[in-house]
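The values are calculated or read from the model by the stated rules, or taken from the named source; none is laboratory data. This is a predicted model, so every value here is computed, not measured. Every residue, glycine as well, gets a Cβ built from its backbone with ideal geometry; the counts of neighbours run over all protein chains shown.
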Amino acid sequence: MPNLPTTSANNSAMPGGETWNEKIITEFRANAGFVPWSSEEEFAGGRPIPPRIPGFDERGMPLILVHNIGAKSGRERINPLFFQAVETGWAVFGTHGGSPHDPAWYHNLMAKPRVIVEVGTETVSAVARLAQGEEREQIWAREVALVPKFAEFEAASGRQVPVVVLERVDE
């Protein structure tokens, strides 16, 4: 994979000069799509991978990497995201940690929906679309049951968290 710029609401540099996202991307690729859990100290320091969540094993959190194009900048980005497998691909959630604003990657996907997704050791093309109505509610309910913190993020944000479905595209 090319070494593309990374973006995140929490993408500050670590002591070695590497950003959190760069570290997470490296860990993702070294561990076939899993990122080790943060220590309490790392999480308190802003590392965006949470402390242990019930229901996940010691390998850590399974993530996907979504390669997208910046809506304003036109630059390539990579975003490590929590996901839920759905029939046609993956659902991702614009919680933005409870911020009242949608994350930048959400705006990018809505403006330029063709993306590349790294999941495990596989890389596939996909198209992003906003889940709405009953589809959104079903996906969201499953995610909140798995990660109850997401319900807290939605309540704190004062907005409905966008659920984006990344549908596989056969090329």
**Request:** Out of the residues in region 128-145 that are among the acidic types (Asp, Glu) and within 15 Å of Ala85 (Cβ to Cβ), state the one that is modelled with the highest pLDDT.
**Result:** Glu135
**Complete:** Of those in region 69-108 that are more than 19 Å from Val147 (Cα to Cα) and β-branched (Val, Ile, Thr), the residue surrounded by the fewest Cβ atoms within 10 Å (Cβ to Cβ) is Thr88
**Qualifying position, being of a type in the set (Lys, Arg) and under 20 Å from Gly33 (Cβ atoms), among Arg75, Arg129, Arg142, Arg159** = Arg142
**Asked** Conditions: (1) assigned to a strand (DSSP E or B); (2) closer than 22 Å to Leu146 by Cβ. Ile53 meets all but one. Number of the miss?
**Response** (1)
